[in-house]
Amino acid sequence: MKMAVLDFGKTNSKLFVFGQDGRIVDERRTKPDWIRKGGLSVLDEAALHDWALDAVNEAVDGHGIEGLMVSGHGCTFALVDETALTHPILDYEQEPPAEIAAQIDRRIPDFAETFSPRLPLGFNYGRHMLWLKEMQPDAFTAATAILGYPQFWSWRFGGRAVSEVSYLGCHSHLWAPRRRDFSSLVDAEGWRGRMPAFARAGAVIGERRFGKAGRPVAIHNGVHDSNAALHAYRRQELGSLTVVSTGTWVIVLNPDCPLDALDRDRDMLVNVDVDGGPVPTIRFMGGREFAVISGNWQGAIAPASIQRAIDAGVMALPSFAPGGPMPSRTGEIVGRVSDAEERAAVALLYVALMIDLSLDLIRSRDAVIVDGGLNAGGLLAGLLAALRPGQSFLQGATLEGSATGAAALASESVGREFAADMPEPVRVASFKGLAGYRDDWRGLIAERGIAAPAGGAP
């Protein structure tokens, strides 16, 4: 069965065509536009839809796809009536005005109920829902359904309006993981009646004809991207593992971490897997921070540049984006870089050190799978394996674990085999002084009053 996956990221949106062997046989890429409208930053939904529709039609004509699946980034919701949005989709990277924030933040449930830490901007999309309700109450009045971002796109392409637990449970303030039900906020605001019935991620929720010949294509219920990556590896029965999913966000998911170990002040939370189970998680905006530190470096990074940065003791200290496990300081670079590539090396070392710290905080002790675009070439995974010799490290056979997991969910829902390649062992990086560089980095963090966790790598 050939499957198309629309993988909507915050920075990059992609369409992948998966063959019957589970491998990617074609792809298209674009960047979503976030535009100003009515004083707000919102998605140019029409432009992204037109790109996606063209890409799907080409996939039907070129590959004869039978299903369309969606994987989507978190923190985003859509209000719709029977046919269209009742308000443009909000960009989660904007803060409500202080006077409104003071009002809405009093209505947010406690961490003990939702395991959603109180985060800035729209990193909890229930907070942005409260903001929009204050600004534009008519948008809620007119809406017949409140949809998560992947569910919006599945609906937009011809599926029925449904809810999906991995997206609702993604630090939204809208879900109570222990009860496996909507949070008290949903009932207090009267939103339960506009939450559609649930369907499992990947379930068929409609059909639409695409392409020049009008070929019928099944529409599958979408999924939260990092939870799709988790599913991609869990289905391969690899035993206990931690998944590090990288992109605009670095999401570290360890299902074996005790819930009482989660620290709401360090961007630690409970995600929810596609079957409703709690998944302790820590995250930071690693892809965004890499871009800021590196000056938007796009190329490969030579190991020699990594070694030069270590030898010179040049390092980046957190944080260069909102949220994350150390949100209390503005990021800074200590020392002087000699050229642009060495600056990119410092950025990659920063991401590796932040993941290393996050693995400590999320109590990761078993195998770790490193997935996603920041691991291009395997250097990030190699650094982590060198920093944590007591753990085994694997990396995805492709960089697209989220899309692969989404394709697997859709295929499984109709009883089709999906034979994705197994993860590959990581080649451990060899850099002199790396452990000391990590110790110096943590020491500087402690000097600046940003407490690192007790203990070190296993």
Please indicate, with yes or no, whether at least one residue in the stretch 378-387 is touching a strand residue (DSSP E or B) at 6+ places or on another chain (Cβ under 7 Å) and over 30 Å from Asp263 (Cβ atoms). yes
Only one of these conditions is not met by Met129: (1) farther than 26 Å from Ile108 by Cβ; (2) in a helix (DSSP H, G or I). Which number is it? (1)
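Residue by residue, here is whether (1) of a type in the set (Gly, Ala, Ser); (2) open to solvent by less than 30 Å² (accessible area, probe 1.4 Å); (3) over 26 Å from Ile251 (Cα atoms); (4) touching a residue at least 40 places away in the same chain (Cβ under 8 Å) holds:
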{"residue": "His128", "(1), (2), (3), (4)": "no, yes, no, yes"}
{"residue": "Pro137", "(1), (2), (3), (4)": "no, no, yes, no"}
{"residue": "Tyr149", "(1), (2), (3), (4)": "no, yes, no, yes"}
{"residue": "Arg156", "(1), (2), (3), (4)": "no, no, yes, yes"}
{"residue": "Val165", "(1), (2), (3), (4)": "no, yes, no, yes"}
{"residue": "Leu174", "(1), (2), (3), (4)": "no, yes, no, yes"}
Of all residues in the stretch 98-117, how many are of a type outside the set (A, V, I, L, M, F, W, C) and open to solvent by 50 Å² or more (accessible area, probe 1.4 Å)? 5
Might you let me know whether the stretch 393-407 holds any residue that is out of contact with any Lys or Arg (no Cβ under 9 Å at 6 or more places or on another chain), modelled with pLDDT of 95 or more and open to solvent by 50 Å² or more (accessible area, probe 1.4 Å)? no
If you check Leu241, Leu269, which single one turns out to be touching a residue at least 60 places away in the same chain (Cβ under 8 Å) and touching a His at 6+ places or on another chain (Cβ under 6 Å)? Leu269
Taking Ile251 and the conditions (1) farther than 27 Å from Thr398 by Cβ; (2) assigned to a strand (DSSP E or B); (3) open to solvent by 10 Å² or more (accessible area, probe 1.4 Å); (4) among the hydrophobic types (A, V, I, L, M, F, W, C), which numbered condition does it fall short on, given that it satisfies the others? (1)
With Ser413, Ser358 as the choices, which residue is in contact with a strand residue (DSSP E or B) (Cβ under 8 Å, 6 or more places away or on another chain), surrounded by fewer than 22 Cβ atoms within 10 Å (Cβ to Cβ) and at pLDDT 95 or above? Ser413
Taking the stated definitions as given, is Gly372 of a type outside the set (Ser, Thr, Tyr), on the phi > 0 side of the Ramachandran plot and either open to solvent by less than 30 Å² (accessible area, probe 1.4 Å) or touching a strand residue (DSSP E or B) at 6+ places or on another chain (Cβ under 7 Å) (or both)? yes
Within the stretch 274-328, residues closer than 25 Å to Leu361 by Cα, among the aromatic types (Phe, Trp, Tyr) and more than 15 Å from the chain's Cα centre (by Cα) come out as Phe290, Phe320
Counting only residues that are in a helix (DSSP H, G or I), open to solvent by less than 60 Å² (accessible area, probe 1.4 Å) and closer than 27 Å to Ala232 by Cβ, how many does the stretch 255-314 have? 8
From the set of residues in the stretch 21-52 that are without any contact (Cβ under 8 Å) to a residue 12 or more places away in the chain and either among the hydrophobic types (A, V, I, L, M, F, W, C) or open to solvent by less than 40 Å² (accessible area, probe 1.4 Å) (or both), which is nearest to Val162 (Cα to Cα)? Ala46
Residues of the stretch 324-334 being open to solvent by 10 Å² or more (accessible area, probe 1.4 Å) and in contact (Cβ under 8 Å) with a residue 24 or more places away in the chain, which ones? Pro327, Ser328, Arg329, Gly331, Ile333, Val334
Taking the stretch 226-248 on its own, how many of its residues are in a helix (DSSP H, G or I) and not small (Gly, Ala, Ser)? 5
Just checking, does the stretch 439-455 include any residue being buried (at least 20 other Cβ atoms within 10 Å of the Cβ), in contact with a strand residue (DSSP E or B) (Cβ under 7 Å, 6 or more places away or on another chain) and within 24 Å of Ile219 (Cα to Cα)? no
Can you tell me which residues in the stretch 176-201 are under 13 Å from Ser163 (Cα atoms) and open to solvent by 40 Å² or more (accessible area, probe 1.4 Å)? Asp181, Arg192, Gly193, Arg194, Ala197, Phe198, Arg200
Quick one: what pairs do we get from the stretch 376-404, first residue assigned to a loop (DSSP other than H, G, I, E, B), second open to solvent by less than 10 Å² (accessible area, probe 1.4 Å), C-beta under 7 Å, 6+ apart or different chains? Arg388/Asp356; Arg388/Leu359; Gln391/Val368; Gly396/Ile369; Gly396/Asp371; Leu399/Gly372; Leu399/Asn375; Glu400/Phe16
Of the listed residues (Asp356, Asp371), the one being of a type in the set (Asp, Glu) and part of a helix (DSSP H, G or I) is Asp356
Test: Phe123 is surrounded by 24 or more Cβ atoms within 10 Å (Cβ to Cβ), part of a loop (DSSP other than H, G, I, E, B) and in contact (Cβ under 8 Å) with a residue 24 or more places away in the chain: yes
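The values are calculated or read from the model by the stated rules, or taken from the named source; none is laboratory data. Predicted model, so just to flag it, every value in this text is computed and none were measured. So basically every Cβ, Gly included, is an ideal-geometry build from the backbone, and we count neighbours across all protein chains shown. SASA here: full protein model, heavy atoms, side chains in, ligands and nucleic acids out. Shrake-Rupley method; radii C 1.70, N 1.55, O 1.52, S 1.80 Å.
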